[in-house]
Amino acid sequence: MGEGRPSRVTVSVVCIAALVVLTSVATPFASARPAHEIPFSEVQGSGLASPTADGWDGVPSSDVALGSAPSSVPNADDTTVETVHVQAARSDERLFVRLQWHDATRDVGADSMRRFNDAVAVQFPVNTSARPPIAMGGQRNMVNVWYWSSDTGTQELLAGGPGSTTAFPDPAVSANATYHGSGANATWTVVYVRDLEAAGENRTTLETEGDLDVAFAVWNGSNAERAGQKSVSEWHYFPSESRSAGPPFEALLWSVAGVAVVAVVAVTAFGVARARGGMQ
Amino acid sequence: MSTDQQDDSDTQIDVAEGIDHQVAMVMDLNKCIGCQTCTIACKTLWTEDGGSEYMYWNNVETKPGAGYPRGWEDSGGGWQSGEHSERQPGEIPDQEDYGRAWEFNHSEIMYEGSDEPLRPREGAEWGPNWDEDEGAGEYPNSYYFYLPRICNHCTHPSCVEACPRSALYKREEDGIVLVDQERCRGYRYCVEGCPYKKVYYNTVSKKSEKCIFCYPRIEGEGPDGQTYAPACAEECPPQLRLVGFLDDEQGPIYKLVEEYEVALPLHPEFQTQPNVYYIPPFAPPQHTEDGETVDVDRIPRQYLEQLFGEGIDQALDTIERHRQRIERGGESELMEILQDKNPAKQYRLEVFDDG
Ligand code: SF4
Ligand code: SF4
C-alpha cells in the first residue's frame, strides 16, 4: 500500500497545523480566565469616571451574554440586547464599572404615554458571602442594584425578590453616560462609580475577601422594555483580587505553551510515521 | 362564558376576598344633561398639577361615540373569563387619543384687543368629548345619551393584577383601588390592563394616577370633619349619582343592583366586576317622517346590550313595569329610590363606621 503512507502523513500535518492555529487563536479568548469571571484592573486615581476616559483602553474587558429575564410581565421574552461589554477597575478608594451596549435608538425622556427609556443595571448581593436568586434576589438574600436610566439618572436600589425593588433615599453610586455612533453601531456607554467604603445598611461591601458576585441587565426603551421585560446576564463575579490582570500577557503565555505542546506532538507523530515507514 | 353570579335571583353580594365592604356608585343615565360639572369638580380637586393636565378621572362622553380616550372600548385589558385566571392583553393609548391640554388665545383677546373668537391656538384635533352630541341614527330618529365615567373600583381589578410591583391595591375597608405613589415605578402595565382606561400615566412625576373615589372626603378629612360623597356626585346638578356600599342591604345601591337588578355594570364582559352601575337610558320610541310614533326602540337594544350586557332587557322591562304601576296610581319602592332627592338617602357612607 505504497500510496497510503504519504496521505497519512499529509493528514497528520494538516491536523497539526490546524491545532497550532486553533490553540494560538482560541486560547486568549476561551481559556484566559474561568467562565463568568469579570477581570478588573487596579488603577491609580479617579480618571475613569468619564465614559470616554482614555484610561479605559487599558482595562480588560468581557462580553457578557444576555437573555430575556424569566418574568411574568407580558412580552417578557421579547428583548433585543444580547451582549453587554463590561469593564471594571478599582482604585484605592473606588470601584468603576463601565458598561457598553449597542442600541440603534436613543430613548431619552419618556414624555409621552407610550415611550420608555433605555436603562442598565448592575446587581450585587447585599451579603457577599452567599449568592442570591438571580431574579432580583430573595427575601432573606437581598440584592443591591445600581440602576441608571436615560431619563431619571442613577438610582441605588434594594430588592428581595421580583417586584420588591425599593430606592435608597441617598444613592452611594453615581453614573455618567454617553451615546455615540449611529445605526447598528450606536452605543451607550455608562460608567458607575462608587466609593469602596460606602457605609449603610443593605449596601454591598465592595472590599470583600472573596469573589464579588455581579449580574447585569439592559432595557431597550424603544421596544417598550421595562420592569421584568429586560435582557439579563447570569451571575458573574469580580475575582477577589486582580489575579487575572493583563490577560493579553497570560494569553500569550498560554499560546506559547500551546504551540510548544503541539510542536512536541507534531514532532513525535512525524517521528513515529517515519520510523514505521523505515521499518516497512 | 358563564357569569354564574348573575343569573341567580337569590341575591348574593360578591365583595372581593379580604375586603370588608365595597363602596359603589349608581348613576341614572336618564338624568345626565352632559353639563360636565362633575368633570370640572373632579379636575379642580385632583388633576390640575403638572403632568395631569390631560387626565380626567371623571369624564362624560357621548354615546354612541369614540369616548375618552378615543376608542377605549377596543383597547383591550380586563380578564379572559369570569374565573379571573388569565388577563386579556391591553394597550397603552396614545397621547393623541386622550387629547392634549389646549392653549387658548386668552392673552390676545383680553390684553391685546383682538376681536377673534376665543379658540384653541393649535393642535385641537381631538379631545375628551370631541364628538359631543353627535350620536347616531338618522333624522327624525337620531339618538345619543351621556355616559359619565369614573374608575369602577372593580371587585376583580385587572389594573391591580397587572402591576408587577403591587403598587396598585384594593383597600381593605372599602374596596377603593389606589396607586401607591411610593411603589409605582411608572411601568404602565396598569394602564394597559384596565379595560376602562381609568389609570393614567403622569409623564412628569413618572407615576400612574387614578380616581381615588374622593377617599379623603368619605373619610371626613375635610375642615369640618364631616363625611362627603365624592365631588362628582355632590356637585352634579341633577343629582343622578347614588353613593354607598354595595353590601349595605338597607341602602339604595344594594336594592337597585341586587334586588331589582336595574342598575347594570358597564361592559361586564371585561370581567372586572365594576362597582359603578348605571340605570340604562330610556328614549321615546321612533317616529315616522310625519311624526307618528312607531313601536321601534330609538336606542337600539343591541347597542345597549353591547354596553351593559345581557341584563339590559330585564332591567328595562322592570323599570317599565314600575313606571306603569305609578301611572296607574300604584306604589313602587323602585320609583321612589330613583326619584329620591334626600341626600341622606342618596349618600349612605357612614353605615359601617364602627365608631
Ligand atoms: S376601572 Fe380600571 S382602574 Fe378602576 S379598578 Fe377597574 S380595572 Fe382598575
Ligand atoms: S354633573 Fe351630573 S349631569 Fe352634569 S355631566 Fe356630570 S353626571 Fe352628568
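The values are calculated or read from the model by the stated rules, or taken from the named source; none is laboratory data. Computed from a prediction, not measured in an experiment: that's the story for all the values here. Reconstructed Cβ throughout: ideal geometry from the backbone, glycine too, with neighbour counts over all protein chains shown. Note: areas computed on protein heavy atoms with side chains; ligands, DNA, RNA excluded. Shrake-Rupley method; radii C 1.70, N 1.55, O 1.52, S 1.80 Å.
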Subject >> Stokes-Einstein diffusion coefficient of the stretch A:179-232, Kirkwood radius over Cα pairs, 10 °C, 1.306 mPa s, in µm²/s >> reply: 109
**OP:** Please compute how much accessible surface disappears when B pairs with A, both sides summed, using a 1.4 Å probe, and round it to the nearest 100 Å².
**Re:** 1700
Original post:
Straight-line reach from B:K31: which aspartates and glutamates have a Cα under 13 Å away, not including same-chain ones fewer than 8 places off?
Top reply: B:D340
**OP:** Please list the non-local residues whose amide H lies under 5 Å from the amide H of A:D211, H modeled 1.01 Å from N, same-chain partners needing a gap of 5 or more.
**Re:** A:S240
**OP:** Return a whole-number percent for the relative contact order of chain B, with Cα pairs under 8 Å and 6 or more residues apart as the contact set.
**Re:** 22
Original post:
With the calculation restricted to Cα positions, what are the radius of gyration and Dmax of the stretch B:236-354 in angstrom?
Top reply: 16.2, 62
Original post:
Averaged over peptide B:186-195, how many Cβ atoms belonging to another chain are found within 10 Å of each residue's Cβ?
Top reply: 3
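Based on the Cα atoms of the stretch B:1-111, what semi-axes does the equivalent ellipsoid have, where each is the square root of 5 times one gyration tensor eigenvalue, given in whole Å with the largest first?
In descending order, the three semi-axes are 36, 19, 15 Å.
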**OP:** Measure off 7 Å from each Cα along the Cα-to-Cβ vector at A:T52 and B:I326, then give the distance between these two points in nanometres to one decimal.
**Re:** 7.6
Original post:
With charges only on Cβ, +1 for K and R and -1 for D and E, what is the dipole size of the protein assembly as shown about its Cα centre, in debye, rounded to 20?
Top reply: 3800
**OP:** Compute the semi-axes of the equivalent ellipsoid of chain B, taking the square root of 5 times each eigenvalue of the Cα gyration tensor, and list them largest first in whole Å.
**Re:** 31, 28, 21
Original post:
How large is ³J(HN,Hα) for each residue in the stretch A:211-216, as worked out from phi by the Karplus curve 6.51 cos²θ - 1.76 cosθ + 1.60 (θ = phi - 60°), to whole Hz, x for Gly and Pro?
Top reply: 5, 10, 5, 8, 9, 10
**OP:** Sort by residue number and report every cysteine in chain B with no other cysteine beta carbon within a distance under 4.7 Å.
**Re:** B:C32, B:C35, B:C42, B:C154, B:C163, B:C184, B:C214, B:C236
Subject >> All-pairs alpha carbon distance profile, the stretch B:46-142, 5 Å steps from 0, percent >> reply: 2, 11, 14, 15, 16, 15, 12, 7, 4, 2, 1, 1, 0
Subject >> Cα-derived Rg to Rh of the protein assembly as shown, Kirkwood definition >> reply: 1.15
Subject >> In Hz, Karplus ³J(HN,Hα) per residue of the stretch A:179-186 (6.51, -1.76, 1.60; θ = phi - 60°; x = Gly, Pro) >> reply: 10, 9, x, 8, x, 5, 8, 4
Original post:
Taking amide hydrogens as modeled 1.01 Å from N in the peptide plane, which residues meet the under 5 Å criterion relative to B:L240, leaving out close sequence neighbours?
Top reply: none
Original post:
Amide H to amide H under 5 Å from B:D248: which residues, 5+ apart in sequence or cross-chain, H placed 1.01 Å off N in plane?
Top reply: B:Y254
Original post:
What are the principal axis extents of the Cα atoms in the stretch A:120-203, in Å, biggest first?
Top reply: 44, 25, 22
Original post:
What do you get when you divide the Cα radius of gyration of the stretch B:172-255 by 2.2 N^0.38 Å, with N the number of residues?
Top reply: 1.30
**OP:** At a Cα cut-off below 20 Å, give the lysines reachable from B:K43, other chains included and same-chain residues fewer than 8 away excluded.
**Re:** B:K197, B:K198, B:K206, B:K207, B:K210
